[in-house]
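Working notes, beginning with the structure itself.
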2 protein chains.
Amino acid sequence: MESRAVKWWGWGWEDRSRPVEGLPVLWRYVQERLKLDSAVRRRVPPIEQVRIPPSLLSPDELAELEKLVGEGNLSVAHEDRVAHAVGRSYKDLVRLRSGNLYRAPDAVLFPEDEDSVQGVLELARRRRYAIVPFGGGTSVVGGVEPLADGTYAATLTLDLRRMHRIKGIDDLSGLVAAEAGIRGPLLEEALNAKGLTLGHFPQSWEFSTLGGWIATRAAGGLSNRYGRIDDLVVGLRLVSPARAIEVRPLPGEDHGPDLKELILGSEGTLGVITEATLRAYPMPSTRRFGSRLFRTFGEGLAALRAMARDGSLPDMTYLSDEEETRFAAAQAGVAPGRPSGAGMGLALKILGTRGYSLQQGSLLLMEFEGSSTRVAHRRRRAVRMAVSSANLGSGPARRWHSERFEMPYLRDSLIDHGVLVDTVETAASWSNLPTVYRAGGKALQEALWETCGAGLVLCHVSHVYPDGASLYFTFFGKSTEGKEVAHWEAIKDAVTTAFVDAGGALSHHHGIGADHAPYLRRVIGEDGLVVLNALKRELDPEGIMNPGKLMTGSR
Amino acid sequence: MESRAVKWWGWGWEDRSRPVEGLPVLWRYVQERLKLDSAVRRRVPPIEQVRIPPSLLSPDELAELEKLVGEGNLSVAHEDRVAHAVGRSYKDLVRLRSGNLYRAPDAVLFPEDEDSVQGVLELARRRRYAIVPFGGGTSVVGGVEPLADGTYAATLTLDLRRMHRIKGIDDLSGLVAAEAGIRGPLLEEALNAKGLTLGHFPQSWEFSTLGGWIATRAAGGLSNRYGRIDDLVVGLRLVSPARAIEVRPLPGEDHGPDLKELILGSEGTLGVITEATLRAYPMPSTRRFGSRLFRTFGEGLAALRAMARDGSLPDMTYLSDEEETRFAAAQAGVAPGRPSGAGMGLALKILGTRGYSLQQGSLLLMEFEGSSTRVAHRRRRAVRMAVSSANLGSGPARRWHSERFEMPYLRDSLIDHGVLVDTVETAASWSNLPTVYRAGGKALQEALWETCGAGLVLCHVSHVYPDGASLYFTFFGKSTEGKEVAHWEAIKDAVTTAFVDAGGALSHHHGIGADHAPYLRRVIGEDGLVVLNALKRELDPEGIMNPGKLMTGSR
């Protein structure tokens, strides 16, 4: 896993990119909408030019730490410190590119086992080192950034990548136990060899880790079928500065308040998740795709709701609003205003006469998995619930599936061309979803026009529940050099406030981290915060775990 | 709801009973197996003869309390104090019948709103009154018994039955908000009027309350389809002595550790649950039943596992082991050793030639709900997964369904005849289920022979998960007058220890209460207990909430 290099300045593998120039129809459309200056090119400086403060750790301290984690498992190399200084939000990437990082961990540790983690935490208590647990580093809410203030002696980032062992697979029960640093592909490969799958495929899947998923309550693209990571975890271990919590993997336990649910979403503020036991499911024998076009996003939402209430949701549903449908059409080569191109022209012309349009409509992508009879049954039900839509065949959904881990690469290319681009997400009940959708969209549009002079806001629903759904917004504007972070912060504040004001969730699966922490009080209340802080005091009396995040970042 | 009287000394409605003499084949079988003395009759004393200590509350104190809850909402009547002194375990019922209760609440309060609850808690903090929240009083683990020691000034039981309002139904989202004291039928009726159902039908459904379900993490008979109460609750309010926690009803929230999961299962030790918002589902248009007979319990378990792994579980599954299948046959009039009676004779004779027998086999009852196509699909899959079994038609499952709330009445009749009878439950992963099943059965048998000179132990699986299932044991012995509690405690300790030693759950859906509290440390660890106690200190600094239960009852 470690041999293939990842970008320090952007998303994913160093040897992979997705230049927006390769999507000429889309690129022209975005340039027009955002009033971009086509001459702009934003460069990435050499990593050596990225300025970070010197490490606060003395050679003696470093030697002591290396003894705890083992030789070769500690680094103060410039590259490692930069690579662990931020996550992967737009704010993070533009700061990396600016060459000015105000903070970086004073050392990066790569423990190989739980004992090492425990040893480091014990020393950190005594020395007042802040600890930042680090999985894949793909946080988009500031979850892995060192935010310790001057009251700490130093910040140690604990990168768990060397704790990636499978501890056991129980075929009969469909359970897998693994160390927290394991990434998606390695875990999935081990399960596939036994005919099992975890069914957890977040967009960050190639890079993010089991521990990171649990710490942030991640959700994957097939959550309709397999649930969120919350539903997959049945047991786990948390090593805290003052305690160690082990939750035994038992189905249907009834042991009072659920300690597992305290650790899920704890984002490194309570301790380090060292291993977990998860449900795994038989690999599907059949996989089918379907794509439908609704006249409006509202009609599409009504169909999703009907499927959810019927208990026959497709295993993956991805419903784009009208703006995102236009964007997807442009991506597929169908120019806005011109229903042609990419072999879809004739079909779209015919659909157009029936009132459907990729320029106005709402695209639903579906995936069905499992036994052939299950797939056949669900497909029939889905078509019945989506009766008001036109069939676009399997192509669009199949294409989405094959490219589902590729989209973040496009972001780097857009940033190169001076685009401000990021995503935000929320969730709401069916009855409140239109309100939250309108409020979020309006807030983004207004903030984008204010900061960037124009804006493009897309939205889709990708996680559906019986009582509601998530909303995932992607937004674009023209960036102003030197103002990227300020503009991003203004937009982020506007949309987050709008979500919460409208009764939406503060976050659906990105978590709280540092960026959402200031709003936490509004959603869980003063007394909710007090309870979280009481828990933290018990597990982490000195407050060394991931300062500035979640409850400790609340204002 | 309150107009129909309930038994103070046994289960359920005063005007309903189920004498074992009405099941002559079964009764003969039980008498033989337990070596019962057929002349024994245990009487119920008049309620006036039940001895409880005098109330510790002075007239001034009572007047002050009544002011807080409103006139007519406080009682120190003997009948009310006795009715709130214990739950409904065998231990509880024999103590009621003995006429000697060592404890009873010093007053029973019937608050009509959350403000009253808050007012009482505030006063209780100052006066050091212990508070026992009380829903339907159907706890079988000592959850509602006043266990305050001499350090408390008095014990107040808060009976929430007058907080039974529906606060709102959101049809579109399928959400219902209600006060915590509402019972199953009233809530279900309101939902049915809107074409919705909660789908939560525990055996205590007619008497138990929304707040009680949440406080104990209840599971109903259709949990395969609708999940446990844990899966239905999306929002709630908890009023604690020091705090008030409100969890907003949002689908797919990601706000860090889940406060809802701290309140679920808290059994009144953290505060009083005053209202909740739950998912509700469309009422099923179709309901079908099916019954299958496996050659062995092991074959039946394998079929349940296959259904769960296939994602096509029937909405209700109830699989009896060989002993319980024999018991069920006797209940239906088929005498052990004589395959005849009740119109099933010929069918059973034919089955017998194929190697199936109600005397040796394992009975699976199934219920299917939903749209007709869903039901048809699931029935087909279930038959396919249960291919090694014989079809017994819909009759047995249909009969079970119509009598599912009746079984506890039979217990009272058996107690009349000197039978020690109770139930215990656990859960385990598929791979560990046989071990836990054998260990639990063996412990019960040995303890029953030791205490009662003979024993009859039945077991079934009624809640199935992808990774495992519950085990529900019913056990019978001959009781010895005056030794009922001691014998029950010896048996309970033996089987609980066996469950935990074998790696099973301490409880699947009965909760911890006072009876399981001494074992809690073994399943959540010392550090888990410390965390629960930290939580309690924050919400209930004076420790007035339900003393002796859950974490406060742990040794």
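Assorted remarks:
- Selection of region B:292-334 for residues being open to solvent by 30 Å² or more (accessible area, probe 1.4 Å), over 24 Å from the mean Cα position of the chain (by Cα) and among the hydroxyl-bearing types (Ser, Thr, Tyr) yields only B:Thr296.
- Residue list for region A:205-239, filter: among the small types (Gly, Ala, Ser), more than 8 Å from chain B (Cβ to nearest Cβ) and touching a residue at least 24 places away in the same chain (Cβ under 8 Å): A:Ser208, A:Gly211, A:Gly212, A:Ala215, A:Ala218, A:Gly221, A:Ser223, A:Gly235
- Members of region A:154-170 that are under 15 Å from A:Val108 (Cα atoms) and surrounded by fewer than 24 Cβ atoms within 10 Å (Cβ to Cβ): A:Ala154, A:Arg161, A:Arg162
- Some residue of region A:256-279 being of a type in the set (Asp, Glu) and at positive phi: yes
- Test set (1) out of contact with any Phe, Trp or Tyr (no Cβ under 9 Å at 6 or more places or on another chain); (2) part of a strand (DSSP E or B) - B:Pro241 fails condition number: (2)
- Residues in region B:494-550 that are hydroxyl-bearing (Ser, Thr, Tyr), more than 7 Å from chain A (Cβ to nearest Cβ) and either part of a loop (DSSP other than H, G, I, E, B) or open to solvent by less than 10 Å² (accessible area, probe 1.4 Å) (or both): B:Thr496 only.
- Index of the failed condition, A:Glu275 passing every other in (1) open to solvent by less than 10 Å² (accessible area, probe 1.4 Å); (2) more than 7 Å from chain B (Cβ to nearest Cβ): (1)
- The numbered conditions (1) open to solvent by less than 30 Å² (accessible area, probe 1.4 Å); (2) farther than 27 Å from A:Tyr318 by Cβ; (3) charged (D, E, K, R) are all true for A:Arg217 except (2).
- Candidates A:Gly212, A:Gly181: the one that is over 23 Å from A:Glu367 (Cβ atoms) and open to solvent by less than 10 Å² (accessible area, probe 1.4 Å) is A:Gly181.
- Count of residues meeting criterion [of a type in the set (A, V, I, L, M, F, W, C) and either under 16 Å from A:Leu414 (Cβ atoms) or within 14 Å of chain B (Cβ to nearest Cβ) (or both)] in region A:474-487: 2
- Qualifying residue in region B:443-461 (condition: touching a residue at least 60 places away in the same chain (Cβ under 8 Å), more than 20 Å from B:Leu313 (Cβ to Cβ), within 11 Å of chain A (Cβ to nearest Cβ) and not basic (Lys, Arg)): no
- So A:Pro282, is it buried (at least 24 other Cβ atoms within 10 Å of the Cβ) and either over 25 Å from the mean Cα position of the chain (by Cα) or facing chain B (nearest Cβ under 7 Å) (or both): no
- Members of region B:380-408 that are surrounded by 16 or more Cβ atoms within 10 Å (Cβ to Cβ), more than 29 Å from the chain's Cα centre (by Cα) and not small (Gly, Ala, Ser): B:Arg381, B:Met385
- Given (1) part of a loop (DSSP other than H, G, I, E, B); (2) buried (at least 18 other Cβ atoms within 10 Å of the Cβ), index of the condition A:Asp149 fails: (2)
- Residue check for B:Glu64: open to solvent by 30 Å² or more (accessible area, probe 1.4 Å), in contact (Cβ under 8 Å) with a residue 12 or more places away in the chain and not in a loop (DSSP other than H, G, I, E, B): yes
- Check on B:Ile491, among the aliphatic types (A, V, I, L, M) and either under 20 Å from B:Val421 (Cα atoms) or touching a residue at least 40 places away in the same chain (Cβ under 8 Å) (or both): yes
- Residues of region A:99-115 that are touching a residue at least 12 places away in the same chain (Cβ under 8 Å), open to solvent by 10 Å² or more (accessible area, probe 1.4 Å) and not in a loop (DSSP other than H, G, I, E, B): A:Asn100, A:Glu114.
- Failed item in (1) more than 21 Å from A:Pro314 (Cα to Cα); (2) part of a loop (DSSP other than H, G, I, E, B); (3) not aliphatic (A, V, I, L, M), with A:Gly199 passing the rest: (1)
Let's see how each residue does on (1) outside any strand (DSSP E or B); (2) under 22 Å from B:His255 (Cα atoms); (3) not charged (D, E, K, R):
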| position | (1), (2), (3) |
| --- | --- |
| A:Leu236 | no, yes, yes |
| A:Gly252 | yes, no, yes |
| A:Asp258 | yes, yes, no |
| A:Leu270 | yes, yes, yes |
| A:Arg309 | yes, no, no |
| A:Ser312 | yes, no, yes |
| A:Thr317 | no, no, yes |
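One line per residue, one yes/no per condition, for (1) part of a helix (DSSP H, G or I); (2) more than 14 Å from chain A (Cβ to nearest Cβ); (3) touching a Pro at 6+ places or on another chain (Cβ under 6 Å); (4) under 22 Å from B:Asp467 (Cα atoms):
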site: B:Met366; (1), (2), (3), (4): no, yes, yes, yes
site: B:Arg384; (1), (2), (3), (4): yes, no, no, yes
site: B:Leu410; (1), (2), (3), (4): yes, yes, no, no
site: B:Ile415; (1), (2), (3), (4): yes, yes, no, no
site: B:Ala428; (1), (2), (3), (4): no, no, no, yes
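- Every pair of residues 6+ apart whose Cβ atoms lie under 8 Å, when the first sits in region A:252-272 and is facing chain B (nearest Cβ under 7 Å) while the second is open to solvent by 10 Å² or more (accessible area, probe 1.4 Å) and polar (S, T, N, Q): A:Asp254/B:Thr216; A:Gly265/A:Thr216; A:Glu267/A:Thr216
Conditions (1) assigned to a loop (DSSP other than H, G, I, E, B); (2) among the acidic types (Asp, Glu); (3) open to solvent by 60 Å² or more (accessible area, probe 1.4 Å), marked per residue:
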residue: A:Tyr29; (1), (2), (3): no, no, no
residue: A:Arg33; (1), (2), (3): no, no, yes
residue: A:Ser38; (1), (2), (3): yes, no, yes
residue: A:Pro45; (1), (2), (3): yes, no, no
residue: A:Gly72; (1), (2), (3): yes, no, no
residue: A:Val82; (1), (2), (3): no, no, no
residue: A:Lys91; (1), (2), (3): no, no, no
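The values are calculated or read from the model by the stated rules, or taken from the named source; none is laboratory data. Quick caveat: nothing in here was measured; it's all calculated off a predicted structure. So basically every Cβ, Gly included, is an ideal-geometry build from the backbone, and we count neighbours across all protein chains shown. Quick note on the areas: whole protein, heavy atoms, side chains included, nothing else; ligands and nucleic acids left out. Shrake-Rupley method; radii C 1.70, N 1.55, O 1.52, S 1.80 Å.
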